[in-house]
1. Does residue 67 qualify as being open to solvent by less than 60 Å² (accessible area, probe 1.4 Å), away from the ligand (no atom under 16 Å from the Cβ) and either within 19 Å of residue 4 (Cβ to Cβ) or in contact (Cβ under 8 Å) with a residue 40 or more places away in the chain (or both)?
2. What number of residues within region 75-96 are in contact with a strand residue (DSSP E or B) (Cβ under 7 Å, 6 or more places away or on another chain) and either within 15 Å of the ligand (Cβ to nearest atom) or of a type in the set (S, T, N, Q) (or both)?
3. Would you check which residues across region 73-104 are among the basic types (Lys, Arg) and part of a helix (DSSP H, G or I) and list them?
4. Return the total of residues in region 38-49 being surrounded by 12 or more Cβ atoms within 10 Å (Cβ to Cβ) and more than 12 Å from the ligand (Cβ to nearest atom).
5. Given the residues 18, 52, which is the only one that is in contact (Cβ under 8 Å) with a residue 40 or more places away in the chain, surrounded by fewer than 19 Cβ atoms within 10 Å (Cβ to Cβ) and among the charged types (D, E, K, R)?
6. Please state which one of 72, 99 is of a type in the set (S, T, N, Q) and either open to solvent by 60 Å² or more (accessible area, probe 1.4 Å) or away from the ligand (no atom under 16 Å from the Cβ) (or both).
Amino acid sequence: MTKLSQHACEACRSDAPKVTGQEKQELLSVIPDWEDVMVDGEEQLRRVFTFKNFVEAQAFTNKVADLAEAENHHPAILLEWGKATVRWWTHKIGGLHKNDFIMAARTDELY
Ligand SMILES: C[C@H](O)[C@H](O)[C@H]1CNC2=NC(N)=NC(=O)C2=N1
């Protein structure tokens with residue numbers, strides 16, 4: 001199986017299927033540092049990345065932002081002193097698509 005982070009994101013479409021059940025559990029097992037959470041009724045992936053200070057957290061945040069723009073798939077990122085909280089979900093389907101798991105794996109590689 002190709003490493004999840006090496007998969008390409010497919011274009012987000014409003015009729016794209018949400019990831020559920022067995023497939024979701026398998027994908028979650030590949031990104032064990034991420035939580036499966038509900039925010040405003042939408043399922044999302046969340047991980048808190050910790051750093052020595054604000055500047056290092058900011059540099060990581062910028063790398064994630066560059067990745068997102070390159071893939072046209074964007075997270076929510078909360079930047080704080082010593083922390084960056086990243087949440088991935090697909091706006092168009094109001095939940096989790098395989099793209100979100102790919103982007104979470106790609107985010108881990110930036111850390
Ligand atoms: C118009 C633009 O391509 C779309 O809105 C893209 C932008 N980035 C996106 N990011 C995420 N996470 N979900 C989307 O549905 C999405 N759609």
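1. For residue 67, the condition - open to solvent by less than 60 Å² (accessible area, probe 1.4 Å), away from the ligand (no atom under 16 Å from the Cβ) and either within 19 Å of residue 4 (Cβ to Cβ) or in contact (Cβ under 8 Å) with a residue 40 or more places away in the chain (or both) - is not met.
2. Looking only at that region, the number is 11.
3. Selection gives 92, 98.
4. Number of matching residues: 5.
5. Just a single option satisfies the conditions, and that option is 18.
6. Testing whether each residue is of a type in the set (S, T, N, Q) and either open to solvent by 60 Å² or more (accessible area, probe 1.4 Å) or away from the ligand (no atom under 16 Å from the Cβ) (or both) leaves just 72.
The values are calculated or read from the model by the stated rules, or taken from the named source; none is laboratory data. Please read all numbers here as calculations on a predicted model, not as lab measurements. Virtual Cβ from ideal backbone geometry, glycine too; neighbours counted across all protein chains shown. Protein only, heavy atoms only, side chains kept; ligands, DNA and RNA dropped before computing areas. Shrake-Rupley method; radii C 1.70, N 1.55, O 1.52, S 1.80 Å.
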